[in-house]
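Working notes for the structure below.
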Amino acid sequence: MRFLALIAVIITGIILIYGSVDMPDWGDPHSPASLHVSPRYIEKTMEETATPNMVTSVLADYRGYDTLGETTVIFTAGISCILILRERKRRKKRKINPKNPTNHV
Amino acid sequence: MTRVTDDIIIRAVARVIMPFIQIYALYVIMHGHHSPGGGFQGGVILGASFILYLITHGLEDAKKRMSELKAGLFSSFGLLIYSGIGLLCLIMGSNYLDYGRLSTLLKVIPAQARSLGILGVEIGVGIAVMAVMFSIFFDISTGGVVPEDEQELETGDE
C-alpha cells in the first residue's frame, strides 16, 4: 500500500514538472498575463476604482471573490479551533481544586 | 500561561502601548488604498493588541474587554459585512461584489463607489481577522476551558 502511494506521488510529481515546462518564464513580457491582464489593471485602476494602490484594487475589487474565499478560510480556521478545543459541557461535572482554579490540564 | 503577571512594569507598558497598536491597526486598514496594508494586515495587528492584553492582564480582565463569545460574533459579523456588501451590489442590479452600482446608493461617481466598496470590504476583513486571531489564541491558551465554568464549579463545591 505504501509502495503504491509512493508510485502515485512520483507520477503526480512527474506530471506537474512536465506541466511546469510549458509555463511562461518568470517576468516574460509576452506571457498571456503580461499581455492583456496586467496592462488592463495598470491603466484602468485609477480610472475605474479611484484607488492608487493597485494591489488593493486587484485584491478587493477585481478579485473580490478570491478575497471573500480567503476570509472564509480564516473564519473556518477560527470555527475549527472552537469546535476542536472548546469543551464547555463536558467539564461541568468535573471537580477542581478551589485553591488553584486555573490549573486545568 | 493566562495567569495575571505580577510584573507591574509589563502591565503598565502594555496598557500604554495598546492604544497606539490599535490606532496603527486602524491606520493600516484605512490606508490600504494608498500604501501597503489592508484588512488582513490591520486585522492581525488589531488582534495582537487584544492578545497582548490577554497575556499581560490575564483571562479574567481580558474577558471583560473581549470575551470568547464576542470574538465568535465579531468573526461572523466581519464575514457578514463582506458578503453583505456583495449582496447589496446584487440587489442594486449588478454582479456580486461589483461595487460600481453602489454609486446610486452612496451618491458618488462609480469609481469613488468602488473605492468605498473596497474600504467596506477591508473593514469587514479586518474585523473578521481580528476576532479569529483572538479566538484562536484564546482557545489555545486556555485549552478550550472557559473560566466561567470553573467559577460555577468553585461556588458549587463550597
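The values are calculated or read from the model by the stated rules, or taken from the named source; none is laboratory data. Please read all numbers here as calculations on a predicted model, not as lab measurements. FYI the Cβ positions are ideal-geometry reconstructions off the backbone, even for glycines, and counts take in every protein chain you see. Surface areas here come from the heavy atoms of the whole protein model, side chains and all, with no ligands, DNA or RNA. Shrake-Rupley method; radii C 1.70, N 1.55, O 1.52, S 1.80 Å.
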Open item on the list: Every residue in segment A:73-103 that is within 7 Å of chain B (Cβ to nearest Cβ) and either at pLDDT 85 or above or surrounded by 15 or more Cβ atoms within 10 Å (Cβ to Cβ) (or both), please.
Closed with: A:ILE74, A:PHE75, A:ALA77, A:GLY78, A:CYS81, A:ILE82, A:LEU85, A:ARG86, A:ARG91, A:ILE96, A:THR102
- [ ] Run down B:LEU59, B:LEU54 and say which single residue is closer than 20 Å to B:ILE136 by Cβ, more than 11 Å from chain A (Cβ to nearest Cβ) and open to solvent by less than 30 Å² (accessible area, probe 1.4 Å).
- [x] B:LEU54
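Quick grid of which residues meet (1) without any contact (Cβ under 8 Å) to a residue 12 or more places away in the chain; (2) aliphatic (A, V, I, L, M):
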| position | (1), (2) |
| --- | --- |
| B:ILE23 | yes, yes |
| B:HIS31 | yes, no |
| B:GLY39 | no, no |
| B:GLY43 | no, no |
| B:ALA48 | no, yes |
| B:TYR53 | no, no |
| B:LEU79 | no, yes |
Open item on the list: Take A:SER38 and tell me if it is under 23 Å from the mean Cα position of the chain (by Cα) and modelled with pLDDT of 90 or more.
Closed with: no
- [ ] Within segment A:60-72, count every residue that is facing chain B (nearest Cβ under 7 Å) and open to solvent by 50 Å² or more (accessible area, probe 1.4 Å).
- [x] 2
TODO: Can you tell me which residue among A:ALA33, A:ALA5 is modelled with pLDDT under 90 and either exposed (fewer than 13 other Cβ atoms within 10 Å of the Cβ) or closer than 30 Å to B:MET30 by Cα (or both)?
DONE: A:ALA33
TODO: Could you tell me whether B:GLY37 is within 11 Å of another protein chain (Cβ to nearest Cβ) and either hydrophobic (A, V, I, L, M, F, W, C) or surrounded by 13 or more Cβ atoms within 10 Å (Cβ to Cβ) (or both)?
DONE: yes
